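Written out below as structure tokens is the structure these notes cover.
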Amino acid sequence: MFKKILMPIDLQETHLAAKAVKIAIDEARKHNATIHIMTAMPGFGMPLVASFFPEKATKKALKELGLELKRYIAANFPNDVPTHPLITEGSPAERILNQAQKLQADLIIIPSHAQSLEQVFLGSCAAKVVEHAHCSVMVVKS
């Protein structure tokens, strides 16, 4: 049923994803699926802001983020489950939705740490993904 699973990870708060990782591994094994683990580096959005940062700095930050994601995958995902790291830049919700569409993902498994209904209404990334995704979304509360 699920062949391509997209799982966004915030590398600043990996402890929030532990439960979601276990579920993603279980789903991948059940369906013989591949897990695409992604992280997003916040983008600068406006050219004025971006002009304060040299292009080299952005490229170096993306490279370091990629290495950190690969270390995370090696430490948390077993070898029998196919995984692919994805590094993006920009608004996390927008990047998740974009990657899901690009991959033609069957399922998005997203950790959520929204502690209250108010946080969800004020802009939870998970809420935005659920609202706009073209595929099924599983929100895993930590």
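The values are calculated or read from the model by the stated rules, or taken from the named source; none is laboratory data. Quantities reported herein were computed from a predicted structural model and do not represent experimental measurements. Note that each Cβ is placed from the backbone with ideal geometry, even for glycine, and that neighbours are counted across all protein chains shown.
Restricted to segment 106-117, and to residues there that are hydrophobic (A, V, I, L, M, F, W, C) and farther than 18 Å from ILE35 by Cβ, the residue that is modelled with the lowest pLDDT is LEU117. So, ALA40, is that one of a type outside the set (D, E, K, R) and either more than 16 Å from the chain's Cα centre (by Cα) or modelled with pLDDT of 95 or more (or both) or not? No: the conditions fail for ALA40. Here the condition is being surrounded by fewer than 18 Cβ atoms within 10 Å (Cβ to Cβ), at pLDDT below 95 and of a type in the set (A, V, I, L, M); of VAL140, VAL120, VAL129, it holds for VAL120 alone.
Looking only at residues of segment 68-93 that are in contact with a helix residue (DSSP H, G or I) (Cβ under 6 Å, 6 or more places away or on another chain) and hydroxyl-bearing (Ser, Thr, Tyr), we find that the one that is farthest from GLU13 (Cα to Cα) is THR83. As a summary of the residue check, THR88 satisfies the conditions (1) of a type in the set (S, T, N, Q); (2) more than 20 Å from CYS125 (Cβ to Cβ); (3) modelled with pLDDT under 95; (4) surrounded by 15 or more Cβ atoms within 10 Å (Cβ to Cβ) except for the one numbered (2).
Given the structure, is ALA33 surrounded by 11 or more Cβ atoms within 10 Å (Cβ to Cβ), modelled with pLDDT of 95 or more and of a type in the set (A, V, I, L, M)? So ALA33 fits the description; yes.
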